[in-house]
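Have a look at the structure below before the remarks.
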Amino acid sequence: MTLSLEPQAIEAALAKIRFRTQAFIDGAFVPSSSGKTYVSENPGTGKKLADIASCEVEDVNRAVRVARKAFESGVWSRIKPADRKRILAKYVELLEANAMEIALLDSLDAGKPICDCVNIDIPDAIHCIHWHAELIDKLYDRVSPTGPENVALIVREPMGVIGMLVPWNFPAQMAAWKIGPALAAGNSIVLKPARQTSLSALRLAELAAEAGIPPGVFNVLPGSGTVVGRAIACHMDVDMVAFTGSTEVGRELLKYSADSNLKRVILELGGKSPQVVLADAPDLDLVAANAVNAAFWNMGENCSSGSRLIVHRRLKDALLEKIIALVKAWKVGDQLDPETRVGPLIGQGHMETVLKYIAAGRSEGARLALGGNRVLKETGGTFVEITIFDEVNNNMKIAREEIFGPVLAVLPVDSDEEAVAVANDTNYGLAASLYTRDINKAHRVARRLRAGTVSVNCYSEGDLATPFGGFKESGFFGRDKSVYAQEQYTELKTIWMQVG
Ligand code: NDP
């Protein structure tokens, strides 16, 4: 699938765009039970995009009821694997046919650069659903070793009704990372997108229905986290909550589960990921290109953002010079301009948080090497320029807390040992990058870094076949992507039979 980034192609797709703004329950768009709506804004202009249905507890109860009914009826949960795969393949076709529209929805709603939506997010989201659909008829259950008088089957069954709570930074992609494996495994889902970014999720649900996914299997409830999200997570008839978001809300979800029906909870949370550049790092141009991407891609609004650059003191100045030269070419501005690499932050409140972190970096004594300001204020958008602090120490706020903005902290170190110690000295453990020429050292240090994904001589989250999730406070059990993701949306059952 190749989408055009020609300005005329973007204009033409924009002219045709129609926002879906109601909740999607039982295969149809419906207003919220209260009739209330909230405003979704374009963070690049501060202007209204749409009035979105603001769901309430009553809508959650209805969506869970229809999801349960669909699950128990077996229309999706018990059909032949090949039939489920066929319907999901049709879904993938429809997603591909509408990919440009979905890319635009995320770009408008979240402020994400259109080039990233078109080249990364949406192709990856669609590929994820395709990958899990393909897996449906390739996973085998097991037969356990027994005596001749018994047969014991160890089977995996869909979990039931899955609540999904996703963030605003990769709206369609984070939803797809959960929708793909959960639907492939035969579950019904109730998805709450982030309040700021509901448009693509509503379109994903509509296309699923068009592909033949039965009513009730895929429901989307826009609304606030503390009302809709909480009601889903506390519901006695939801079997599992799959969450991507902040560590703070993740903790709440564990409490909700403990206080309700002990539903399974899988959490993909925040990060403060180190990029470790050892003294024998390869080609600094390669390191710089990866470091820039790791820190500033998606405006740093990225859970696996490489926001701490831990670099051997001997290389630091040369590397920093290359990084600064590269980021100067990153255009800041309108997210719909195909040349833009840095769009607006998600909103006013978040921009103020990022600016407070920048102020903290200054007052704690880090050296501001680049940026540090809000820019393009006249557009009405929430733009912050790429910001780099040098001479950071790991006790500073900007080294310890997740900023979720285009802010890089550079921490010089004097040895491999110190680099590993600083990298691991964090509450988080989502991702890490490591740069060295020595394959033995690469393997040894990669094993010592406490993170769910360690990329060596590159910045990467792997591909669809590799699990993604965090150590420490970056996650709780769950993994997105790969066979592990699909398995986590199932329960393990033993069927013990007396025979002969
Ligand atoms: P939040 O945790 O604030 O929100 C995530 C989702 O949970 C939203 O849909 C939100 O609703 C909802 N929510 C908020 N409060 C509650 C509650 N009390 N009960 C139930 N649901 C609730 O995260 P952000 O949206 O701010 O996203 C940024 C965070 O996500 C960062 O910390 C980032 O690191 C993390 N993240 C992690 C990823 C990973 O794979 N590990 C990937 C991407 C992001 P509402 O719409 O009202 O906010």
- prompt: From the residues in segment 408-440 that are touching an Asp or Glu at 6+ places or on another chain (Cβ under 7 Å) and surrounded by fewer than 15 Cβ atoms within 10 Å (Cβ to Cβ), which one is farthest from D390 (Cα to Cα)?
  reply: D438
Qualifying residues in segment 446-461 (those that are of a type in the set (A, V, I, L, M, F, W, C) and open to solvent by less than 40 Å² (accessible area, probe 1.4 Å)) - the one nearest to W177 (Cα to Cα): A451
task: Go through segment 337-368 and give me each residue that's more than 16 Å from the ligand (Cβ to nearest atom), open to solvent by less than 30 Å² (accessible area, probe 1.4 Å) and not in a loop (DSSP other than H, G, I, E, B).
output: T340, V342, I358, A360, G361
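With respect to A125, is the statement that it is part of a helix (DSSP H, G or I), of a type in the set (A, V, I, L, M, F, W, C) and out of contact with any Gly (no Cβ under 7 Å at 6 or more places or on another chain) true?
Details: part of a helix (DSSP H, G or I): yes; of a type in the set (A, V, I, L, M, F, W, C): yes; out of contact with any Gly (no Cβ under 7 Å at 6 or more places or on another chain): yes.
Here the answer is yes, as A125 does meet what is asked.
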- prompt: Which residues, counting only those in segment 289-336, are within 16 Å of the ligand (Cβ to nearest atom) and either in a loop (DSSP other than H, G, I, E, B) or free of Cβ contacts under 8 Å to residues at least 60 places away in the same chain (or both)?
  reply: E301, N302, C303, S304, S305, G306, S307
query: In segment 108-122, is there at least one residue being assigned to a helix (DSSP H, G or I), polar (S, T, N, Q), more than 14 Å from the ligand (Cβ to nearest atom) and open to solvent by 30 Å² or more (accessible area, probe 1.4 Å)?
result: yes
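Results for (1) within 9 Å of the ligand (Cβ to nearest atom); (2) in contact with a Ser or Thr (Cβ under 9 Å, 6 or more places away or on another chain), shown as yes or no for each residue.
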| position | (1), (2) |
| --- | --- |
| P171 | no, yes |
| M174 | yes, yes |
| W177 | yes, yes |
| G180 | no, no |
| V190 | no, no |
| A194 | yes, no |
| T197 | yes, yes |
| S200 | no, no |
| R203 | no, no |
message: Return the residues of segment 233-248 that are closer than 23 Å to G180 by Cβ, near the ligand (Cβ under 7 Å from one of its atoms) and either in contact with a helix residue (DSSP H, G or I) (Cβ under 7 Å, 6 or more places away or on another chain) or open to solvent by less than 10 Å² (accessible area, probe 1.4 Å) (or both); say none if nothing qualifies.
response: A233, F243, T244
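The values are calculated or read from the model by the stated rules, or taken from the named source; none is laboratory data. Nothing here was measured: the structure is a model prediction, and the numbers come from that model. Every residue, glycine as well, gets a Cβ built from its backbone with ideal geometry; the counts of neighbours run over all protein chains shown. What goes into the accessible areas is simple: the full protein's heavy atoms, side chains included, and nothing from ligands, DNA or RNA. Shrake-Rupley method; radii C 1.70, N 1.55, O 1.52, S 1.80 Å.
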